[in-house]
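J.: Take this structure, written in structure tokens, and hold onto it; I'll ask about it next.
Please treat every number below as a calculation from the coordinates, not as lab data. Nothing here was measured: the structure is a model prediction, and the numbers come from that model. Note that we place each Cβ from the backbone using ideal geometry, even for glycine, and neighbour counts take in every protein chain shown.
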Amino acid sequence: MRYPLAIIGAGALGLHFAARLSRSGPIALIARDGNHADALRTGIRVGDALYRADAFASARAPAADWVIVLVKAGDTIGAGRIAAAMRPRGVLSLQNGLTEAMLRAGVGEPSAQRRVAQGITTEGAFRDASGVTPSGAGETLVPPGFEPVVELLLRAGFRARVEPDIVAARLAKLLVNVAINPLAAIFRVSNGSLLEPPYRVYLDALVREAWPVLRAEGLMLDEAAARDRVVAVATATGANRASMLQDVLAGRRTEIDAITGVLLEMAARQGQPVPTHQAVLRLVQLLEPG
């Protein structure tokens, strides 16, 4: 069977997307191995319902027209290779950080027959022993050329649209990530808690330092709008446990290098000081295993 859409990555967000999309049509969910795929076929709670996934081990991934990648940043190249073997029309990352170059390294360069690009999503979900809990209805933006993916997302009830200036949108998402994710992980609090004392002063400092760096890279927000964007996302996903917090609580490596590390590389190129970001990078690294 050739699926209209497949999702590589069966973490909280991958399961959230797959479960909702499956209500409108068949969705292939690609898990890390056969045991994980078997468990997902048996069923997992997503929201208020039991979701029995059309799950496959990565080595047995089926053909699909379109592929969404929702793995951790460090697994991007491997996910790209899996996606390429599925012979899709396009491969779309909705990951944190800036992962398009790594995705292309795994999939291969785009062509007239196959698009490879990164969009963004501000959907939120977290996983615990009881299953997956959606924790914030956001918006999903995709580059031109992925209109069929938008149609599938809209049919499933997601807010989604094509964004012509996806580069600026990705930088706006990176701004949100470098402000919210590390602080949530360090202080072990939900996104909404960061808007209250004593955390708000750190949140504002991270936005203040990141804004000129990202602006120089193409961010299309003035400083006040940048701060408002971060506050809006923290409010809309107030109950969410940020992905970096989920990693710390589970004893996993985080995506700090693909998020704050990317910002530090930009700042170094520009000669911009970002001491608060350097500090939170080191603090999160100290929380990681090993």
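J.: Against the longest alpha carbon principal axis of the chain, how many degrees, from 0 to 90 and to the nearest 10, is the axis of helix 223-236 turned?
T.: 50
J.: Separate question: Could you give the length gained by full extension between residue 220 and residue 285, i.e. 0.36 nm per residue of separation minus their alpha carbon distance, to one decimal place?
T.: Result: 20.4 nm gained on full extension.
J.: Could you work out the relative contact order of segment 3-162? I mean the mean sequence separation of Cα pairs under 8 Å and 6+ apart, divided by the number of residues, in percent.
T.: 22
J.: In addition: Rounded, prolate or oblate: pick one for segment 64-122, where a ≥ b ≥ c are the square roots of the eigenvalues of its C-alpha gyration tensor, a/c under 1.5 means rounded, and failing that, prolate if a/b is larger than b/c, else oblate.
T.: It is prolate, given that a/c is not under 1.5 and a/b is the larger ratio.
J.: With only alpha-carbon atoms counted, please give the Rg and Dmax of segment 112-156, in Å.
T.: Reported Rg and Dmax, both Å: 13.7, 44.
J.: Taking Cα atoms, how many degrees apart are the long axis of helix 76-85 and the longest axis of the chain, rounded to 10 and kept between 0 and 90?
T.: Helix 76-85 and the main axis of the chain meet at about 20 degrees.
J.: Using only Cα atoms and rounding to the nearest 10 degrees, what angle (0 to 90) does helix 275-287 make with the longest principal axis of the chain?
T.: On a 0 to 90 degree scale, this one is about 50.
J.: How far apart, in nm, are two points set 7 Å out from the Cα along the Cα-to-Cβ line at residue 63 and at residue 49?
T.: Here the modelled spin labels are 2.9 nm apart.
J.: Follow-up question, since we're still on this one. Residue farthest toward the positive end of the dipole of segment 149-289, with Cβ of Lys/Arg at +1 and Asp/Glu at -1: which of 189, 234, 279?
T.: 189
J.: Which percent of the Cα-Cα distances in the chain go past 28 Å?
T.: Details: 13992 of 41905 pairs.
The share of Cα pairs beyond 28 Å in the chain comes to 33 percent.
J.: Sticking with this one: Before rounding to the nearest 500, sum -39500 (n - 2.57) across all DSSP H runs of length at least 4 in the chain and divide by the residue total; then give [θ] at 222 nm in deg cm²/dmol.
T.: My calculation for the chain gives -14500 deg cm²/dmol from helical runs alone.
J.: Based on the Cα coordinates of segment 139-290, what is the per residue volume of their convex hull in Å³?
T.: With only Cα atoms used, segment 139-290 gives 122 Å³ per residue.
J.: What is the chain's relative contact order, in percent, from Cα pairs under 8 angstrom and six or more apart in sequence?
T.: 15
J.: Let me ask something else. Classify segment 69-161 as rounded, prolate or oblate, taking a ≥ b ≥ c as the square roots of the eigenvalues of its Cα gyration tensor: rounded when a/c is under 1.5, otherwise prolate if a/b is larger than b/c and oblate if not.
T.: The shape class here is oblate.
J.: Please list the equivalent ellipsoid semi-axes of segment 1-86, computed as the square roots of five times the alpha-carbon gyration tensor eigenvalues, in descending order and whole angstrom.
T.: 18, 14, 12
J.: Let me ask you something else. Once both labels are modelled 7 Å past Cα along the beta-carbon direction, what's the residue 89-residue 112 spacing in nm?
T.: 1.6
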